[in-house]
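Encoded as structure tokens, the structure appears first; notes follow it.
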Amino acid sequence: MRQKLFKRNVNQQHHKDVKYHLFGDPHRRASRLSDIILGGQDGLVNVLGVILGVAAATHDPRIVLVAGLAATFAESVSMGAVAYTSTLADADFYESERKRELRHINEVPHLEKNEVREIYAQKGFGGELLDRIVETITANEDVWVAVMMREEHQLSPTDRRQALKTALVVGFSAVIGSLVPLLPFAFLPVDPSMVVAVIITALVLFGVGAYKARTTVGHPGKSGLEMAAIGTLSALVGYVVGALFKIPPTP
């Protein structure tokens with residue numbers, strides 16, 4: 001009877017542990033959050049800066065909208081292209097360094113073994129256990145190279161097949177972000193539109209910063225304020241430029 005009760009308690013505790021591990025405090029898988037923030041924030045800030053500058057210089061809502069839409073789609077295509085090429089560049093760089101590390105393993109294996117030993121000795125391993133670790137890692141060339149890339153060079157492989165997905169996510173996020181500060185100019189006069197656009201952009205940036213902190217690390221309020229302040233101040237540079245080069249009204 002005791003044995004059955006003990007097994008039942010163990011099973012219940014195991015079930016609670018599994019539930020906590022999977023649902024209570026789960027690990028988060030790699031997401032597109034950074035790509036969404038990159039595109040959305042860049043679109044928000046850049047287009048807000050453009051339309052504030054144009055609005056301050058002309059006070060013509062049609063020109064503001066045309067300039068804003070032109071900046072929106074040029075920005076989205078540019079950001080998507082940059083994301084695509086940078087992802088491929090990261091993949092090429094990793095492959096280049098991997099081939100170099102493979103050459104080192106083939107040409108000077110004794111030096112590379114010493115590097116493996118030093119890496120794991122710094123992690124606190126020693127004696128016979130360290131010898132077994134070094135022997136196990138260096139017995140397989142692929143494992144050896146992977147360990148050196150990760151531990152020595154702090155590099156992770158980049159999937160080239162993700163380049164197009166990354167470009168689409170960044171580009172689409174840039175379009176959505178860019179349209180946010182443009183909306184007030186479609187319904188309100190220029191002067192109140194500028195104020196509303198700045199407020200909306202600051203609120204959106206605050207929300208993005210707070211969400212990022214909640215899903216990763218950091219204080220949501222602090223992260224939101226930082227992102228809102230940095231983005232809004234950057235966009236206001238456009239207003240200053242437009243005000244300095246203000247076009248006089250035609251008689």
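Here are the numbers:
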| quantity | calculated |
| --- | --- |
| Packing-based order for 65-72, 182-189, using average beta carbon neighbours within 10 Å, highest first | 65-72, 182-189 |
| Placed amide H near Leu188: partners under 5 Å, 5+ positions off or other chain | none |
| Region 45-95: Rg to Rh, with Rh as the Kirkwood radius over Cα pairs | 1.27 |
| Positive-end residue of Leu233, Leu179, Phe125, charge dipole of region 85-243 with Cβ unit charges | Leu179 |
| Solvent-accessible area per residue for region 58-213 (1.4 angstrom probe, square angstrom) | 57 Å² |
| Solvent-accessible area of Ser86 with every protein chain in place, 1.4 Å probe, in Å² to the nearest 10 | 50 Å² |
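The values are calculated or read from the model by the stated rules, or taken from the named source; none is laboratory data. The shown structure was predicted, so the numbers you read here are calculated from the model rather than taken from an experiment. Methodologically, a virtual Cβ is constructed for each residue, glycine included, from the backbone with ideal geometry; neighbour enumeration extends over all protein chains shown. The protein model used for the area step is the full one, side chains on, heavy atoms only, and it has no ligands, DNA or RNA in it. Shrake-Rupley method; radii C 1.70, N 1.55, O 1.52, S 1.80 Å.
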